[in-house]
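Colleague: Below: one structure in structure tokens.
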Amino acid sequence: MLSRIRSREGTAGGGLRWLIGPKRTQIFFWHVVFSVPEQIASIAYQNKKVVYGILFRAVAETLSTIAADPKHLGAEIGFFAVLHSWGQNLLFHPHLHCVVPGGGISLDGTRWISCRPRFFLPVRVLSRLFRRLFLKYLQEAFDSGKLRFFTSLEALRDPQAFHRHLDPVRNLKWVVYAKPPFAGPQQVVNYVGRYTHRVAISNDRIVDIEGGEVKFTWRDYRDNNRQKTMSLSADQFIGRFLLHVLPSGFQRIRYYGFLGNRHRKEKLEQCRQLLGMAPSKSPSVSVTLEDYRDRYEKLTGRSLRECPVCHHGHMIPVTIPAEVGSSPTIKDTS
């Protein structure tokens, strides 16, 4: 079964583990990535909350619409999406990673429809619809005054300048990647879940911090995926790192289709029935919290239960004092 990857924002992959059972019922999983052009990234940097929201909305609508089209899959799919905003060199590169089961519930709800083993949905069709929807919602955000522009982008406050800025990307091929993970669904869930509770770079990629410079490893995908070392001043490194801090309260993991939070339990049970799998049984997990005194003794070798005077007897709780209110604020009279 697929293990859940827990984070402060939820579980990346929650629900998918109920779709993987015996080999005869296993289904394909697809890793689908949606990226935006550089001209959009510059707008996103100054309008993170709005543009990230548009990115999620356009991607979800694109996948759901094309999958439901009888010319393609003709099914209701389920998936989760994780926002990443960085590349290997820590520069700003907003994109969504989606994990999608290779099939879905028929539109009449009577059967499971699987995609072909080596083909999910046409990438060109996904790219075109994604581009159209994203630009549509971005224009709506501009028209309603939700976008803000500063410094080098200040000129985009003018509608004509904003339109000219987007002209180059209207006919550009937007990058959409869709492939099954070579090592199975666990591999892609591990990959997208790796950064659900940390940002941009892991500690093991940082090689050295010395003389006001930070050295870290990165993979150059344009040079045959070669691993290289980059050296930045501390200020530059911190600046690149801060590019990827999310707006307060923003959810970077979102669920859609039959994995949507509202009907997930019922929809997943329906999927299992259509796949001929046994009904799911939620295991009763009893969590026993370790007493802090036992933990202290393991760490220090000393017991908090032992009498601090005779070191032979054991401390026995007699009563718990009533909660004491916070001390009054002391005014600064200086």
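Colleague: Whose amide H sits under 5 Å from the amide H of Phe29, counting only residues 5 or more places off or on another chain, with H placed in the peptide plane?
Modeller: Gly102
Colleague: Summing +1 for each Lys or Arg and -1 for each Asp or Glu, what net charge is found among the other residues whose Cβ lies under 13 Å from the Cβ of Pro317?
Modeller: Taking every Cβ under 13 Å from that of Pro317, the sum is +1.
Colleague: While we're looking at this one, here's another question. Which of the residue pairs Lys49/Lys136; Lys48/Lys146; Lys136/Lys267; Lys49/Lys265; Lys71/Lys179 have a Cα-Cα distance greater than 22 Å in the structure shown?
Modeller: Lys136/Lys267; Lys49/Lys265
Colleague: Also: Skipping prolines and chain starts, which residues have an amide H placed within reach, meaning under 5 Å, of the one on Gly78, given they are 5 or more residues away or on another chain?
Modeller: Phe258
Colleague: Enumerate the calculated ³J(HN,Hα) couplings along the stretch 84-92 in order (Karplus 6.51 cos²θ - 1.76 cosθ + 1.60, θ = phi - 60°), each rounded to whole Hz, writing x wherever the residue is Gly or Pro.
Modeller: Here the 3J(HN,Hα) series is 10, 10, 10, x, 4, 8, 6, 6, 6 Hz.
Colleague: Quantify, in whole percent, the carbon and sulfur part of the accessible surface of the stretch 90-217 (1.4 Å probe; protein heavy atoms only).
Modeller: Reported share for carbon and sulfur atoms: 52 percent.
Colleague: Sum up the charges of everything whose Cβ sits under 14 Å from the Cβ of Gln236, counting Lys and Arg as +1 and Asp and Glu as -1, but leave Gln236 out.
Modeller: Neighbour charge sum, excluding Gln236 itself: 0.
Colleague: Enumerate the calculated ³J(HN,Hα) couplings along the stretch 77-82 in order (Karplus 6.51 cos²θ - 1.76 cosθ + 1.60, θ = phi - 60°), each rounded to whole Hz, writing x wherever the residue is Gly or Pro.
Modeller: 9, x, 6, 10, 10, 10
Colleague: Can you give the accessible area per residue of the stretch 71-206, in Å², using a 1.4 Å probe?
Modeller: 51
Colleague: With θ taken as phi - 60° and the coefficients 6.51, -1.76 and 1.60, list the Karplus ³J(HN,Hα) couplings across the stretch 37-54 in order, rounded to whole Hz; mark glycine and proline as x.
Modeller: Taking θ as phi minus 60°, the curve returns x, 4, 4, 6, 4, 5, 5, 4, 4, 8, 9, 4, 4, 5, 6, 4, x, 5 Hz for the stretch 37-54.
Colleague: Around Val125, with a cut-off of 14 angstrom between Cβ atoms, what is the net charge of the other residues, counting Lys and Arg +1 and Asp and Glu -1?
Modeller: Neighbour charge sum, excluding Val125 itself: +4.
Colleague: If the chain between Asp220 and Phe241 were fully stretched, how many nm would it gain, using 0.36 nm times the residue separation less the Cα-Cα distance?
Modeller: Value of the extension gain: 5.7 nm.
The values are calculated or read from the model by the stated rules, or taken from the named source; none is laboratory data. On a predicted model such as this, the values are computed, not experimentally measured, just so you know. So basically every Cβ, Gly included, is an ideal-geometry build from the backbone, and we count neighbours across all protein chains shown. Please note that ligands, DNA and RNA were not included when accessible areas were found on the heavy atoms of the full protein model with its side chains. Shrake-Rupley method; radii C 1.70, N 1.55, O 1.52, S 1.80 Å.
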